[in-house]
Amino acid sequence: MVLYSLHVFDRSGRCLFDREWNGPRRDDGSGEHPRLVFGMLHSLGEVSNKLAPRGRAPDGHITVRTDSYALHAFEALSGYRFVLLADAEFKGDPRAVLFHVYAQLWVECVVKSPVQDPTSGGRVGSPLFEQQLDKYVGGLDGGAATKT
């Protein structure tokens, strides 16, 4: 299992945080890569909502698989969207991973922090969140993620 990146977006699509592991860096600083990820996520969410059976409430999770990678997304009730890009052979439970990142890391290290304000629209620069995220991701499947 190889994890490529994690992106966190607010409800208006601003990228609050991104981290890449394993592989060449995809973002050149222009912010185009996170915008493309959010655009694809938003479009897929709209299509899946229109195709879903009536009366079935969406659970906030979307997974897209290709031959080479899988995109797993979780939208919390607060409007934050967490997107995990992993290889197609991801053996863990992406829902559990994304929920853990949200509930145990994001909420504890960013939302509850008096220093961070994720609602300001600026990028989140929490060293504690980054450290805890790297530790958690490094422990998945025997440490399959290394920061690039």
Hypothetical label at residue 111: residues of the range 65-91 whose amide nitrogen lies under 19 Å (7 Å Cα-Cβ projection): 73-84
How much solvent-accessible surface does residue 78 expose, in Å² to the nearest 10, with a 1.4 Å probe and all protein chains in place? 50
Let me have the relative contact order for the range 3-142, percent, based on Cα pairs under 8 Å that are six or more residues apart. 24
Among 3, 69, 122, whose Cα lies farthest out toward the positive end of the dipole of the range 3-142, if unit charges sit on the beta carbon of Lys, Arg (+1) and Asp, Glu (-1)? 122
Quick one: accessible surface of residue 63, probe radius 1.4 Å, all protein chains present, in square angstrom to the nearest 10. 70
For the range 44-106: rounded, prolate or oblate by the Cα gyration tensor [a/c cutoff 1.5]: oblate
Could you put 112, 50 in order of accessible surface area, largest first, with the 1.4 Å probe and the full protein assembly present? 50, 112
Tell me, what is the Rg over Rh of the range 3-142, with Rh the Kirkwood radius over Cα pairs? 0.95
At a 1.4 Å probe, what is the % contribution of carbon and sulfur to the accessible area of the range 3-142? 53
Surface accessible to a 1.4 Å probe, residue 93 within the full protein complex, Å²: 90
1.4 Å probe accessible area per residue over the range 3-142, in Å²: 56
Would you list 100, 33 from the most to the least accessible area, probe 1.4 Å? 100, 33
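The values are calculated or read from the model by the stated rules, or taken from the named source; none is laboratory data. Not measured: the values here are computed from a predicted model. With ideal geometry, Cβ positions are generated from the backbone for all residues, glycine too; neighbour counts draw on all protein chains shown. What goes into the accessible areas is simple: the full protein's heavy atoms, side chains included, and nothing from ligands, DNA or RNA. Shrake-Rupley method; radii C 1.70, N 1.55, O 1.52, S 1.80 Å.
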